[in-house]
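The values are calculated or read from the model by the stated rules, or taken from the named source; none is laboratory data. Being a predicted model, the structure only gives us computed values, none of them experimental. So basically every Cβ, Gly included, is an ideal-geometry build from the backbone, and we count neighbours across all protein chains shown.
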Amino acid sequence: MSEFFAMGGYALYVWGSYGVAFALLALEVILLAHRSRNARRTP
Amino acid sequence: MSTDSLKWLWYASPQTFYPLAGILARGCAVAAAVLAVIGLYIGFFVAPTDAQQGEAYRIIFIHVPAAWMSMFLYVVMAFWAAIGLAFNTRLSGMMATALAPTGALFTFVALWTGALWGKPTWGTWWVWDARLTSELILLFLYLGFMALQAAIDEPRRADRAGAVLAIVGVINIPIIYYSVEWWNTLHQGASVSLKSAPSMAATMFAGMIVMAAAFWMYSIAVTLVRVRCIILERE
Amino acid sequence: MKPRHKRMAAIALGVVALGVVASLVLVAFNRNIVFFFTPSQVAANEAPQGRTFRIGGLVAPGSVKRDGVDVNFVVTDTAKAIPVLYRGQLPDLFREGKGVVAQGELGADGVFRAREVLAKHDENYMPPEAAYAVERAQKTIQTK
């Protein structure tokens, strides 16, 4: 298991890529949910 | 045929498009989540280690699909912008506006993952070669489009001004795509193209394609929700 | 000036400004577009003189010699070759027979003194067993 997370010594690069990418996608979804709620509340 | 095309015209009106977009967005969001789980499973547990790069190559499953989306979304955005400019349809401009933030996001992800991939393999985070530079220009095009639209208060005028920028910027897309063939670059050539069989193991290719499909679904869902917001905000 | 004309003027101005920016980018691009020169181009004096540039090619098999932190190797494009001297950390993918891009200056003695060495890998991805099989197949072809 820890071998999997070590990514053959490239853990920083591999998880840094996936982590930031999915964090940004999640952020976009959250911001959009906010905007959507505001848009519906004030017609 | 004629009734069919009439039906499409009917959907081109924001009011009728609104509920349809809601249903479509929900379906695509679910598909995106399922495909992402499958894609990540293939990428991390099925695809073998690469002979040259070891585990570092696994960044490919996010880097390449993100780079594809960054270019594809720009073309779609410019297409809608052009339609809006030519036929003066309200929904087209809204589509272009809704696509820009997601396109910019995928461009940034492609650049970010590329830097994190370049450091351990090439030995550098960044070089000013043709592929990397033209992808950076793509990010600026997206940001410029968004800034320009934000700077103009009247939506229809903002749409028209943005459309001109979007259409001019399309020239950058073939430059990005063919940069690795036209010039000497540090970036390697394409592993996957329409002309030849992919130069990678089948399971690696499968992981990349499934992740690309997930990003497609994600982009459609997010864009449709954003179009709904824009319809509500403008009308 | 009517508002309509004013708007047209603004759009025209925007398009002109965009064109200027685009052409500037293209000019700057064109000057730096050649990311590296091959040994054949250097031999034909196509590389810039008197300033740093990059050379690219394959690391000639058997040419890598390490002397402490100094590394000597030969960059070849199979037609011409340039000896390179480098001091420092090499990237993980620096291998004999694989692609490399080095930035530095070409000395009067014909030795390229590199300040930065980058590995240029190819677009092929395969598991180690497959790579081993390919290598073995190539060796059998060569010995025949």
Determine which member of the set C:Val75, C:Val101, C:Val34 is surrounded by 13 or more Cβ atoms within 10 Å (Cβ to Cβ), within 14 Å of chain B (Cβ to nearest Cβ), within 30 Å of B:Gly169 (Cβ to Cβ) and at pLDDT 85 or above. C:Val101
Would a scan of the range B:43-56 turn up a residue that is at the interface with another protein chain (Cβ under 9 Å from one of its Cβ atoms), of a type in the set (A, V, I, L, M, F, W, C) and closer than 23 Å to B:Leu194 by Cα? yes
Residue by residue through the range C:69-123, note down the ones that are assigned to a loop (DSSP other than H, G, I, E, B), under 26 Å from A:Tyr10 (Cα atoms), of a type in the set (D, E, K, R) and touching a Leu at 6+ places or on another chain (Cβ under 9 Å). C:Glu96, C:Lys98
Only one of these is under 20 Å from B:Tyr178 (Cα atoms), modelled with pLDDT under 90 and touching a helix residue (DSSP H, G or I) at 6+ places or on another chain (Cβ under 6 Å): B:Ala130, B:Ala110. Name it. B:Ala130
Of all residues in the range B:150-167, count the ones that are closer than 16 Å to B:Leu73 by Cβ and crowded, with 22+ Cβ neighbours inside 10 Å. 3
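Yes/no matrix, rows are residues, columns are (1) in contact (Cβ under 8 Å) with a residue 24 or more places away in the chain; (2) more than 11 Å from chain C (Cβ to nearest Cβ); (3) out of contact with any strand residue (DSSP E or B) (no Cβ under 9 Å at 6 or more places or on another chain):
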residue: B:Trp80; (1), (2), (3): no, yes, yes
residue: B:Thr102; (1), (2), (3): yes, yes, yes
residue: B:Trp117; (1), (2), (3): yes, no, yes
residue: B:Trp122; (1), (2), (3): yes, no, no
Within the range C:104-144, residues being aromatic (Phe, Trp, Tyr) and more than 7 Å from chain B (Cβ to nearest Cβ) number 2
Quick test of your reading of the structure: B:Ala150 fulfils all but one of (1) of a type outside the set (Phe, Trp, Tyr); (2) in a helix (DSSP H, G or I); (3) in contact with a strand residue (DSSP E or B) (Cβ under 9 Å, 6 or more places away or on another chain). Name the failing condition by number. (3)
Positions within the range B:192-227 being crowded, with 18+ Cβ neighbours inside 10 Å, more than 12 Å from B:Ala36 (Cβ to Cβ), touching a residue at least 12 places away in the same chain (Cβ under 8 Å) and within 11 Å of chain C (Cβ to nearest Cβ), in sequence order: B:Ala201, B:Met204, B:Phe205, B:Met208
So A:Arg40, is it facing another protein chain (nearest Cβ under 8 Å), part of a helix (DSSP H, G or I) and exposed (fewer than 15 other Cβ atoms within 10 Å of the Cβ): yes
